[in-house]
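Please read the structure below before turning to the comments.
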Amino acid sequence: MFTDKEVTPQLDPARIPAHVAIIMDGNGRWAKKRFLPRIAGHKQGMENVKTITKAASRMGIKALTLYAFSTENWKRPDSEVNYLMSLPVDFFGVFMPELIAENVRVQVMGELEALPAKTRQAAQAAMADTAKNTGMILNFALNYGGRDELRLATQAIARAVQAGTLDPAAISDDTIAAHLMTAPLGPLADPDLLIRTSGEERISNFLLWQLAYSEMVFTPVLWPDFTPAVLTAAIAQYQSRDRRFGGLH
Ligand code: IPE
Ligand code: IPE
Ligand code: MG
């Protein structure tokens, strides 16, 4: 646990985590502390996505996955859900020139069919407009749930078996990974580092398969307060860990 008040540590440039995933939590509490409506926290959180995207890209991170809306977040009041659904339209509308200037490629994973048309169109346009970029992948999880992802993958694999194009004995880890929503990330699909802000220490249905050997860092900092210095501190923690993957070092 750390805050950005600590001295910014030095990072080993040779061991920057290739894929960083962030559960961006604490927008509501950030607003409440300021006697503001929850949506003010979401607005500030969206502004911070821009800051952290640029910082991550410049640090040499290859893929940044951001949990923006879970399959469980529909349980929130309509007014909050509607606001959250409007954010991608704002975000991509304003930030696209900078994303292109940064050579960032946008991916959006989740059940996009269930999103309001404007939200889905903004996501699809962002992916199309940055498809040729070769820099960092900015991968949003939007209407994403790890169990939903595994359910859909299971259905697709079962259909292939039923159609006679897949032998059940041939189903490998790679078969499963290829049916997950992170498949467009290729070899980067599994996060090296998972960060969750706001002090909660749980996964909340995020990347259940892909997190098998991710390093996890939890910080009490609320997402709108998460700075590039806090990101650097989280990566320093990551670099201090010994990743054994079940073996011996
Ligand atoms: C994270 O902030 C954003 C989303 C889940 C959409 P929260 O809205 O969960 O903020 P808290 O946890 O209530 O503070
Ligand atoms: C997880 O945060 C989802 C996102 C950050 C998008 P939540 O605030 O929805 O998670 P819980 O309800 O505290 O587990
Ligand atoms: Mg929350």
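Some notes on this structure:
- Counting 0.36 nm for each residue step from Glu201 to Trp74 and taking away their Cα separation leaves a gain of 43.6 nm.
- Taking the Cα centre of the chain as reference, the dipole from Cβ charges on Lys and Arg (+1) and Asp and Glu (-1) amounts to some 500 debye.
- Area accessible to solvent at Met109, 1.4 Å probe radius, in Å²: 10
- In this structure, Ala131 and Leu11 have a Cβ-Cβ separation that, at R0 = 41 Å, corresponds to a calculated FRET efficiency of about 0.85.
- Accessible area per residue, Å², the chain with all protein chains present, probe 1.4 Å: 49
- Here the contact order of the chain, divided by its residue count and restricted to Cα pairs under 8 Å and six or more residues apart, works out to 31 percent.
- By the combined test of axial Cα extent (at least 20 Å) and Kyte-Doolittle hydropathy (mean at least -0.5), the qualifying DSSP H helices of the chain come to 78-101, 146-162.
- Heavy-atom accessible surface of Glu201, to the nearest 10 Å², is about 110 Å², with a 1.4 Å probe and all protein chains retained.
- Fraction of accessible area attributable to carbon and sulfur, the chain (%, probe 1.4 Å): 55
- Here r is the Cβ-Cβ distance between Ala212 and Gln162 and R0 is 35 Å; the resulting FRET efficiency, rounded to 0.05, is 0.80.
- Average projection area in nm² (convex hull over Cα atoms of the stretch 1-88, one quarter of hull surface): 7.2
- In the chain, taking the dipole from charged Cβ atoms about the Cα centre, the farthest positive-side position among Ala212, Met96, Val106 is held by Met96.
- The chain, helix-only ellipticity at 222 nm - DSSP H runs n ≥ 4, -39,500 (n - 2.57), divided by all residues, nearest 500: -13500 deg cm²/dmol
The values are calculated or read from the model by the stated rules, or taken from the named source; none is laboratory data. These figures come from a predicted structure and were not determined experimentally. Cβ sites come from the backbone with ideal geometry, for glycine too, and all protein chains shown count toward neighbours. Only protein heavy atoms, including side chains, enter the accessible area calculation; ligands, DNA and RNA are left aside. Shrake-Rupley method; radii C 1.70, N 1.55, O 1.52, S 1.80 Å.
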